[in-house]
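**Q** Take a look at this one; I'll ask things after.
The values are calculated or read from the model by the stated rules, or taken from the named source; none is laboratory data. Since we're looking at a predicted model, the values are computed, not measured. Ideal geometry is used to build each Cβ from the backbone, glycine not excepted, and the neighbour counts take in all protein chains shown.
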Amino acid sequence: MLADLMGGAVEDARERETVRPLAVVEKLALAQPAAIDALAALAPAERVKIIAEVKRASPSRGDLADIPDPALQARRYELGGASAISVLTEGRKFKGSLADLEAVRAAVTLPVLRKDFISTAYQVFEARAAGADLVLLIVAGLEQDLLAELHGLVQELGMTPLVETHSAEELARANDIGARLVGVNARNLSTFELDRDLFGRLAADIPEGVIKIAESAVLSPADVAHYRAAGADVVLIGEALVTSDPVSTLAAFLEAGS
């Protein structure tokens, strides 16, 4: 499934590139205001921090929420105390777009993450051109040389790479490239099965000074407390926030992670 998602994202990017060539997107990216310092925004604190996600659908759960106004959703997240906003920009399975990212960027003062299946320089430049401050890089979908290359490009453009892992081997690869923001995703991207304890098993191998992010399998305050107890500095939450009142839900989650 991951290979299909990565391949589809590349096909869609190539189609966009026929309309906006790389040279145009590079120029737009370089003309953007400086990216917000996501490492500072997500730095460890006395209580957990939350990346709140704008997410309409997923391959595992199907449709989750319409979200006709992603900017409004993001403003609610900011009001509720989120430390950053994640925006799904993949269109085939997650029903997102770069337009969603642009709308969110214009609406909030928080760092904004482009969450997609990134494997080309064009997609990285697109992210900066749309105002992203962070870019997701999924270790499982990238050869090590390409992972290192894209990680470096994200940084060159002033953004922060969020390097997502799903195993000890992938975490070692993230450590090898010097990732400073490391996510552990409880969802297996091949089977979609969840393992909420995966983060706890890997957390000790994340180097000191690296911000540790737990991803997926968060539906209740107890899940946030579980990740916090296992050492998470940040928890990324999508489904639970788009299917409820985001302000009150965020308050409960932040309280659980204190």
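**Q** Could you please let me know if Ala203 is in a helix (DSSP H, G or I) and at pLDDT 95 or above?
**A** Yes: the conditions hold for Ala203.
**Q** Another one. Here are some conditions: (1) at pLDDT 95 or above; (2) under 17 Å from Glu239 (Cβ atoms); (3) more than 13 Å from the chain's Cα centre (by Cα); (4) not charged (D, E, K, R). Ala52 meets all but one. Which one does it not meet?
**A** Single failed check for Ala52: (3).
**Q** If I ask for residues that are more than 15 Å from Leu136 (Cβ to Cβ) and either not in a helix (DSSP H, G or I) or not polar (S, T, N, Q) (or both), which ones from the stretch 73-92 would you list?
**A** Kept after step one, since they are more than 15 Å from Leu136 (Cβ to Cβ), are these residues of the stretch 73-92: 73-83, 91-92.
Residues satisfying the conditions are Ala74, Arg75, Arg76, Tyr77, Glu78, Leu79, Gly80, Gly81, Ala82, Ser83, Gly91, Arg92.
**Q** Give me the residue from the stretch 219-258 that is among the aliphatic types (A, V, I, L, M) and out of contact with any Gly (no Cβ under 9 Å at 6 or more places or on another chain) and, out of that set, farthest from Ala57 (Cα to Cα).
**A** If we filter the stretch 219-258 for residues that are among the aliphatic types (A, V, I, L, M), which is where we start, we get 219, 222, 224-225, 229-230, 232, 234-237, 240-242, 247, 250-252, 254, 256.
Cutting the leftovers down to out of contact with any Gly (no Cβ under 9 Å at 6 or more places or on another chain) gives us 219, 222, 237, 240, 242, 252, 256.
On the way: Leu219: 16, Ala222: 24, Ile237: 13, Ala240: 12, Val242: 10, Ala252: 23, Ala256: 26 Å.
The residue in question is Ala256.
**Q** Could you say which residue among Ala148, Ala127, Ala140 is of a type in the set (Gly, Ala, Ser) and either assigned to a strand (DSSP E or B) or over 16 Å from Asn175 (Cα atoms) (or both)?
**A** Going through Ala148, Ala127, Ala140 in turn, the sole match is Ala127.
**Q** Within the stretch 6-21, which residues are over 17 Å from Val124 (Cβ atoms) and either surrounded by 12 or more Cβ atoms within 10 Å (Cβ to Cβ) or among the small types (Gly, Ala, Ser) (or both)?
**A** Gly7, Gly8
**Q** Looking at (1) over 17 Å from the mean Cα position of the chain (by Cα); (2) over 22 Å from Ala217 (Cα atoms), which is the only condition Ile36 fails?
**A** For Ile36, the exception is condition (1).
**Q** Taking the stretch 166-194, which residues are of a type in the set (A, V, I, L, M, F, W, C), out of contact with any Leu (no Cβ under 7 Å at 6 or more places or on another chain) and over 12 Å from Val210 (Cα atoms)?
**A** Selection gives Ala172, Phe192, Leu194.
**Q** Just to verify a result, which residue in the stretch 50-83, among those that are of a type in the set (Val, Ile, Thr) and within 22 Å of Ile213 (Cα to Cα), is surrounded by the fewest Cβ atoms within 10 Å (Cβ to Cβ)? Before you say what the answer is, go through the steps one by one.
**A** To start, the set of residues in the stretch 50-83 that are of a type in the set (Val, Ile, Thr) comprises 50-51, 54, 67.
From what's left, within 22 Å of Ile213 (Cα to Cα): 50-51, 54.
Numbers: Ile50: 26, Ile51: 28, Val54: 28.
Residue satisfying both the conditions and the ranking: Ile50.
**Q** Do you know which of the residues in the stretch 55-72 that are in contact with a helix residue (DSSP H, G or I) (Cβ under 7 Å, 6 or more places away or on another chain) and not aliphatic (A, V, I, L, M) is modelled with the lowest pLDDT?
**A** Restricting to residues being in contact with a helix residue (DSSP H, G or I) (Cβ under 7 Å, 6 or more places away or on another chain) and not aliphatic (A, V, I, L, M), the top hit is Arg61.
**Q** Right, next: Search the stretch 145-194 for residues being crowded, with 18+ Cβ neighbours inside 10 Å and acidic (Asp, Glu), and hand back the single one that is farthest from the chain's Cα centre (by Cα).
**A** Per the stated criteria, the residue is Glu170.
**Q** Now a separate question. Taking Thr109 as meeting all but one of (1) at pLDDT 95 or above; (2) buried (at least 18 other Cβ atoms within 10 Å of the Cβ), write down the number of the exception.
**A** Just one mismatch for Thr109, condition (2).
**Q** With the requirement that a residue be in a helix (DSSP H, G or I) and in contact with a Pro (Cβ under 8 Å, 6 or more places away or on another chain), what does the stretch 1-27 give you? Full working, then the answer.
**A** Step one: filter the stretch 1-27 for residues in a helix (DSSP H, G or I), giving 2-19, 22-27.
Within the stretch 1-27, Leu5 is the sole residue that qualifies.
**Q** May I ask you to list pairs of residues, at least six apart or on different chains, whose Cβ atoms are under 6 Å apart, with the first in the stretch 120-138 being touching a residue at least 60 places away in the same chain (Cβ under 8 Å) and the second being of a type in the set (S, T, N, Q)?
**A** Arg128/Gln32; Leu134/Thr160
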